[in-house]
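Worksheet: the structure to be examined is printed underneath.
The values are calculated or read from the model by the stated rules, or taken from the named source; none is laboratory data. Everything numeric here is computed off the predicted structure, so don't read it as measured data. A quick note on method: Cβ atoms are made from the backbone with ideal geometry, for glycine too, and the neighbour counts reach across all protein chains shown. Calculation scope for accessible area: heavy atoms of the full protein, side chains included, ligands and nucleic acids excluded. Shrake-Rupley method; radii C 1.70, N 1.55, O 1.52, S 1.80 Å.
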Amino acid sequence: MARALYSRTVHAVTKRANSMKKPLISSTPDSPSIESANISFNQSLNQSVSHHRKGSSHKARGESLIGILDMLGFENIQHNGFDQLCINLCAERVQHFYSTHMFKACQEACKEEGVHLETDINYVDNQPIIELLSLQSSGILSIMDMESLNPKGNVDNFMEKIQSKHKDNKRFSTGSGKLKTFTIKHFCGFVEYNSTEMISANRDELPDDVIGMFSKQTCNFGFLSHLFTSELRQLRDSQRGEKYRLSPKVSNTDHSDHKGTLSQDLQSKMDGLMKILVHTKPHFVLCIKVLTYESLLL
């Protein structure tokens, strides 16, 4: 519940702040918005993508744009769950963009221009890790999505399927016995994940009776009712027992019932962000130390 209120509040404030800039910067109706497992990460990506899209209209008028993408790096804390899996996938995607830009693209450019490199530049290509996590139909998150969208889906089925699919992958292993854990060999090293709450977290749902508490008839705080306007409107015309997405809709032009999973939201918006980044001239500031449980206590 706290997560729903926090994400929707920040989304509403950001949306309001961006709407005040409309007279200065024209925007497109389908400007992406990121809904990720980590809420603060969600809003920072949301603003970054929005500003990059808006900047395209600036550039058409001969002006320049400087954007800053500030995101979390790899996480390996005491108890790694769905949030850390999503954060680390995003970190893998940005790491791959960095490696491709800094090493692979430079080498190819030298070859095209006939510049001989006396020494081969060796670097770790983490594309296999990204495919292990997100490849359509066979990636770990894809299998999780199928289980999450199945009303009878559960963690046991999820663990059985990913173990069967990736048992021969050297970057993947599962816990022994009844432990619902699996380990991924990330770019930064091995990270063990507990899958116990992953399916429920990925479903990202709130029951209708919780939504009903924020109707104007029962809630005296109008702003809370405003945060759930769309769901309250649907609630009046739907049968009891319905469930609604915890995360807010991405835009006012989205008139769907907002089904799907949190993982699908994240990957869709991350794809949009990467398409924007490949058309930029990036400069990187890297933190090479992984965020650990001990550092969180400082």
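Number of residues in region 102-118 that are within 14 Å of Lys281 (Cα to Cα) and open to solvent by 70 Å² or more (accessible area, probe 1.4 Å) equals 1.
Taken over region 260-276, the criterion of being among the aliphatic types (A, V, I, L, M) and surrounded by fewer than 18 Cβ atoms within 10 Å (Cβ to Cβ) is satisfied by Met274 alone. Total residues in region 100-127 satisfying the condition of being β-branched (Val, Ile, Thr) and not in a loop (DSSP other than H, G, I, E, B): the figure is 1.
Among the candidates Val124, Val155, the residue that is among the β-branched types (Val, Ile, Thr) and under 16 Å from Lys185 (Cα atoms) is uniquely Val124. Total residues in region 182-202 satisfying the condition of being in contact with a Ser or Thr (Cβ under 6 Å, 6 or more places away or on another chain) and surrounded by fewer than 20 Cβ atoms within 10 Å (Cβ to Cβ): the figure is 4. Out of all the residues in region 108-117, is one or more in contact with a helix residue (DSSP H, G or I) (Cβ under 7 Å, 6 or more places away or on another chain) and not acidic (Asp, Glu)? Looking through region 108-117, at least one residue is in contact with a helix residue (DSSP H, G or I) (Cβ under 7 Å, 6 or more places away or on another chain) and not acidic (Asp, Glu).
Of the helices (runs of 4 or more DSSP H) that lie entirely inside region 128-203, those containing 2 or more residues that are in contact with an Asp or Glu (Cβ under 8 Å, 6 or more places away or on another chain) and free of Cβ contacts under 8 Å to residues at least 60 places away in the same chain span 155-166. In the set (1) open to solvent by 80 Å² or more (accessible area, probe 1.4 Å); (2) within 24 Å of the chain's Cα centre (by Cα), the condition left unmet by Leu179 is number (2).
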